[in-house]
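Take a look at the structure below.
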Amino acid sequence: MDEQKSTETIIDCHCHIASEEHVPRSFIEGSVANIASALGAQGLPASPRKLRDMFLSKMQDPMCDGLVREMEAAGISKAILLIADFSCALKDCALTIEESFKKHHDVLLRHPGKFEVFGGVDPRWGTDGVALFERSLIEFGFMGFKVYPPCGFSPSDPGLFPYYELCAQYQMPVLIHIGPTSPALNFEFASPFLVDEAARLFPTVDFILAHGAVNFVEECVMMCRFRPNVYLDISGYQSTLGYDPLAGAVKNIVSLGINHKVLFGTDFPVFRLQGEQADFVEVLTGPDGALGHLNQRERDLVLSKNSTRLLEKSVPAVVWS
Amino acid sequence: MEVTAGFEEKIVSLVAASVPGKFRNVKIVSETLLQKELGLDSIGILSLVFHFEETFSIDIAQVGIEINIAKLRTVNDLLTAAHEILTKAGRDVNHEDCHG
């Protein structure tokens with residue numbers, strides 16, 4: 001097993017920059033409120049302010065130097081950084097979406113070969129948003145599109161079609177958040193079935209259902225099984241480790257005959273209070289890990305080859321020298 | 001690190017108080033893994049931290065010590081961290097009176 005692990009390539013398809021400047025304060029406070037609720041029920045004096053400070057202490061890595069160190073320790077060779085555009089739904093983010101794009105570009109330049117970026121733009125930005133997204137592909141070398149429906153729109157909203165047309169043109173994948181998120185946002189657009197129309201209308205665009213191993217699992221599996229251009233990522237499995245330390249959610253998803261559609265991801269830095277990237281990889285690839293029953297071909301698909309296949313389809317608008 | 005059995009017992013009892021019921025029968029020794037064997041996820045670890053602060057009447061942030069919660073893997077890691085915090089706070093670990 002150790003020899004097997006040492007030769008494996010791992011690509012993390014779902015990460016974010018650990019810096020509060022990319023995340024609205026109300027988003028963080030909403031997430032903290034859920035933790036405070038759980039701890040308060042135990043009679044613990046867990047003030048939201050204190051919890052927020054603890055959470056923010058893990059959000060001090062704006063250039064991803066810490067993430068790169070954790071990736072190296074975990075054997076992760078590359079990660080996809082995702083930009084969610086909260087700007088129409090929540091107004092208290094330190095950076096504008098354009099500034100956020102530029103900061104992600106800075107990270108790409110600082111760590112060549114370590115990252116790809118999928119930029120996200122709220123469809124309510126209209127033509128300005130489309131122009132920014134196209135610029136991100138042409139000027140910044142971003143390699144995909146991130147959609148965050150809890151900001152208040154369906155992933156099949158016609159306002160997104162110009163973005164999907166660009167993704168079709170450049171053969172870039174789209175990653176869509178599925179399931180609940182910070183209570184500051186709207187959960188009603190978080191169902192994977194809302195992706196169906198877009199996946200049907202844009203059959204040459206690949207859609208990745210984020211958190212598909214833990215949210216709306218049956219629906220995500222059904223979409224992956226019956227839509228050739230729909231995939232899922234397993235990020236968020238760390239949320240299940242409290243009641244299922246062997247990551248049964250992942251073991252389940254890789255036992256359903258759709259391993260050509262399953263992508264490894266961690267949602268860094270969301271679970272940084274719980275462990276480091278190496279811990280989260282070990283849970284899957286260790287001797288009794290959730291991927292332990294797979295053959296090497298299946299492991300490779302889940303850990304890297306599915307991500308690689310989607311990224312290699314892309315027609316990069318920027319060639320890095 | 002030198003600690004008394006009493007101090008270790010206090011910390012182990014704090015761990016036991018934070019462990020989900022599903023794992024209540026797991027024997028807690030210094031090598032026990034917090035997440036993998038005791039099911040302590042991020043909320044579980046935070047619960048442990050707050051129980052510790054309450055029990056020892058201490059505010060870790062005020063002590064001026066940086067504990068990387070993500071690196072707490074075993075009960076022994078926890079004992080070491082607890083020892084560091086209390087020592088830094090000027091408390092005598094081996095004669096520590098707790099309020100839990």
Spatial separation of Cα centroids for region A:126-163 and region A:218-268, in angstrom: 25 Å
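Work through the residues other than A:His211 whose Cβ is under 15 Å from its Cβ and net out their charges, Lys, Arg +1 and Asp, Glu -1. Before the final figure, lay out each step's value.
Working: positive: A:Lys146, A:Lys261; negative: A:Asp12, A:Glu218, A:Glu219, A:Asp233, A:Asp267.
Summing Lys/Arg as +1 and Asp/Glu as -1 gives -3.
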If I model a spin label at A:Phe226 and A:Glu165 as a point 7 Å from the Cα along the Cα→Cβ vector, what separation in nanometres do I get? 3.0 nm
On a 22 Å Cα-Cα criterion, which of the cross-link pairs A:Lys50/B:Lys27; A:Lys50/A:Lys103; A:Lys58/A:Lys305; A:Lys146/A:Lys305; A:Lys50/A:Lys78 come out too long? A:Lys50/B:Lys27; A:Lys50/A:Lys103; A:Lys58/A:Lys305; A:Lys50/A:Lys78
For peptide B:43-52, what's the mean number of Cβ atoms from other chains within 10 Å of each residue's Cβ? 6
Given the protein assembly as shown, what percent of its DSSP beta bridges are antiparallel, to the nearest 5? 10 percent
Taking the alpha-carbon set of region B:5-95, what are its Rg and Dmax in Å? 12.4, 37
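If I stretch the segment between A:Ser47 and A:Glu312 completely, what's the gain in nm (0.36 nm per residue apart, minus their alpha carbon distance), one decimal? It would help to have the intermediate numbers written out before the result.
Numbers: separation 265, 0.36 × 265 = 95.40 nm, distance 4.66 nm.
Result for the pair: 90.7 nm of gain on full extension.
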Bins of 20 Å from zero: percent of alpha-carbon pairs in the protein assembly as shown: 26, 55, 17, 1
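Please arrange A:Ser307, A:Ser26 by counting, for each residue, the other beta carbons lying within 10 Å of its beta carbon, fewest first. All intermediate terms of the calculation are to be shown ahead of the outcome.
Numbers: A:Ser307 28, A:Ser26 18.
Ascending Cβ contact count within 10 Å gives the list A:Ser26, A:Ser307.
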For a label point 7 Å along the Cα-to-beta-carbon line of A:Ala73, residues of region A:267-296 with backbone N under 16 Å: A:268-283
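Ignoring everything except DSSP H segments at least 4 long, calculate the 222 nm mean residue ellipticity for chain B; use -39,500 (n - 2.57) per segment, divide by total residues, nearest 500. Could the numbers behind the result be given before it?
Numbers: 4 runs with 46 residues, N = 100.
It lands at -14000 deg cm²/dmol.
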Name the residue from A:Tyr163, B:Ala82, B:Gly6 whose Cα lies farthest towards the positive end of the charge dipole of the protein assembly as shown, charges +1 on Cβ of Lys and Arg and -1 on Cβ of Asp and Glu. A:Tyr163
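Round to the nearest 0.05 the FRET efficiency obtained for B:Ala61 and A:Leu256 when R0 = 30 Å and r is the Cβ-Cβ distance. Present the calculation step by step, with values, prior to reporting the outcome.
Values: r = 45 Å, r/R0 = 1.50.
Working from the Cβ atoms, E equals 0.10.
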Select from A:Leu241, A:Leu108, A:Leu39 the residue whose mean-square fluctuation is largest in a Gaussian network model of chain A (Cα-Cα springs shorter than 10 Å). A:Leu39
How long are the three semi-axes of the equivalent ellipsoid of region A:204-254, in whole Å, if each is the root of 5 times an eigenvalue of the C-alpha gyration tensor, listed from largest down? 22, 10, 7
Compute the separation of the alpha-carbon centres of region A:24-49 and region A:271-312 and state it in Å as a whole number. 31 Å
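No lab work stands behind these numbers, since they all come straight from the coordinates. Fair warning: this is a prediction, and the values are worked out from it, not measured in the lab. Glycine gets a Cβ as well: all are built from the backbone with ideal geometry, and neighbour counts include every protein chain shown.
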